[in-house]
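The values are calculated or read from the model by the stated rules, or taken from the named source; none is laboratory data. Given the structure is predicted, the values throughout are model-derived calculations rather than measurements. A quick note on method: Cβ atoms are made from the backbone with ideal geometry, for glycine too, and the neighbour counts reach across all protein chains shown. Protein only, heavy atoms only, side chains kept; ligands, DNA and RNA dropped before computing areas. Shrake-Rupley method; radii C 1.70, N 1.55, O 1.52, S 1.80 Å.
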Amino acid sequence: PATWPTPQPDPKSTRPCVTLRGLGKRGSITFPPVTQYSGQGPASGKLQTNKSEDRRVEAGLRRARFLVNTARINEAIQILTDLMGEYPGRADIHGTIAWTNMRDDNLVDARIHYHRAHELGCRDRDTYWHWSSMEAANDEWNASAKAAQFGLVKFPGEQGLLFRLGYALHRQGKELFYEENSEKGTTNCQQAQQVLEKALTTRNAEDRNIAIRGQIYRAIVLNLEILDDGRMLSRYFAEWSRECPSDPNRIPDLDRLRPKYPQFLREH
């Protein structure tokens, strides 16, 4: 993974620095204090910028994303490093740096910059999706749930983030069952069920992710298996089959679960 420069504080500023600790092998990283940009107020929560700054930053971020997607990571890093040095208080820059780190398998720095983007008032729902997905891909279920919860505070009822939260809760519950803590595992899985069922009703992410509905149904089925509720599992399997007949996970899961619940899945 590429090495990113550590931001240095502005010696003229009287604002406190921000330090993130306990984020992996680097231990901690200190960001410069939030200062003012364009003469329009402090860069906290809702950063006020001028249009020329926005155009410059947005063009740089588009270019960086293109370079990452064409396997030119080092060039993207240079663009983002320059932008961060010029505008250190912009959440969109830190969110793109985090995504770039994630694509470069530099998860420690990705976490640092995702946290920083959130602290700076990130208003991009995809940033929270990528953050939660990254943690889930590394079996960090508590961190995945937390990232989704951060996003849901800003985007209540967002279908993709509800799925990410519900699936993370399910996996936490599953691990608790394996650790023979069935009471807490049941509580987690019941919470996951409520979140996932809510995700089915919102339907506000399906125009951006055509696979999300099938992913939600599969998460519900797997969660009901942990709860050992064959009747409800059969109901949701029928809905999954009706609404997502071409989902590639549906038939393998049915073949695996039918011997376990023959009385409920015989007709599927």
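Side notes on the structure shown:
- Those residues of region 86-100 which are touching a residue at least 60 places away in the same chain (Cβ under 8 Å) and open to solvent by 10 Å² or more (accessible area, probe 1.4 Å), in sequence order: Pro88
- Of the residues examined, Asp255 is not one that is charged (D, E, K, R), without any contact (Cβ under 8 Å) to a residue 12 or more places away in the chain and crowded, with 17+ Cβ neighbours inside 10 Å.
Residue-by-condition table, conditions (1) of a type in the set (A, V, I, L, M, F, W, C); (2) under 25 Å from Arg125 (Cα atoms):
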position: Leu161; (1), (2): yes, yes
position: Leu169; (1), (2): yes, yes
position: Gly173; (1), (2): no, no
position: Ala205; (1), (2): yes, yes
position: Asn209; (1), (2): no, yes
position: Val221; (1), (2): yes, no
position: Ile226; (1), (2): yes, no
position: Asp229; (1), (2): no, no
position: Trp240; (1), (2): yes, no
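- Candidate set: region 75-84, residues that are touching a residue at least 12 places away in the same chain (Cβ under 8 Å) and of a type outside the set (S, T, N, Q); chosen: the one surrounded by the fewest Cβ atoms within 10 Å (Cβ to Cβ): Asp82
- Of the helices (runs of 4 or more DSSP H) entirely within region 56-170, those holding at least 1 residues that are closer than 19 Å to Ile212 by Cβ and touching a Ser or Thr at 6+ places or on another chain (Cβ under 6 Å) occupy 125-137, 141-154.
- Exactly one residue out of Glu175, Glu140 is in contact with a helix residue (DSSP H, G or I) (Cβ under 8 Å, 6 or more places away or on another chain), surrounded by fewer than 24 Cβ atoms within 10 Å (Cβ to Cβ) and among the acidic types (Asp, Glu): that is Glu175.
- For Leu265, the test of being closer than 17 Å to Ser144 by Cβ, in contact (Cβ under 8 Å) with a residue 24 or more places away in the chain, in contact with a helix residue (DSSP H, G or I) (Cβ under 9 Å, 6 or more places away or on another chain) and surrounded by 12 or more Cβ atoms within 10 Å (Cβ to Cβ) is failed.
- Close pairs (8 angstrom Cβ cut-off, 6 or more residues apart or separate chains): under 18 Å from Ile220 (Cα atoms) in region 173-191, of a type in the set (S, T, N, Q) and buried (at least 19 other Cβ atoms within 10 Å of the Cβ) anywhere: Gly173/Asn188; Gly173/Asn223; Leu176/Asn188; Asn188/Gln172; Cys189/Asn223
- Matching entry among Arg123, Arg116, Arg72, Arg62 (being in contact (Cβ under 8 Å) with a residue 12 or more places away in the chain and open to solvent by 30 Å² or more (accessible area, probe 1.4 Å)): Arg123
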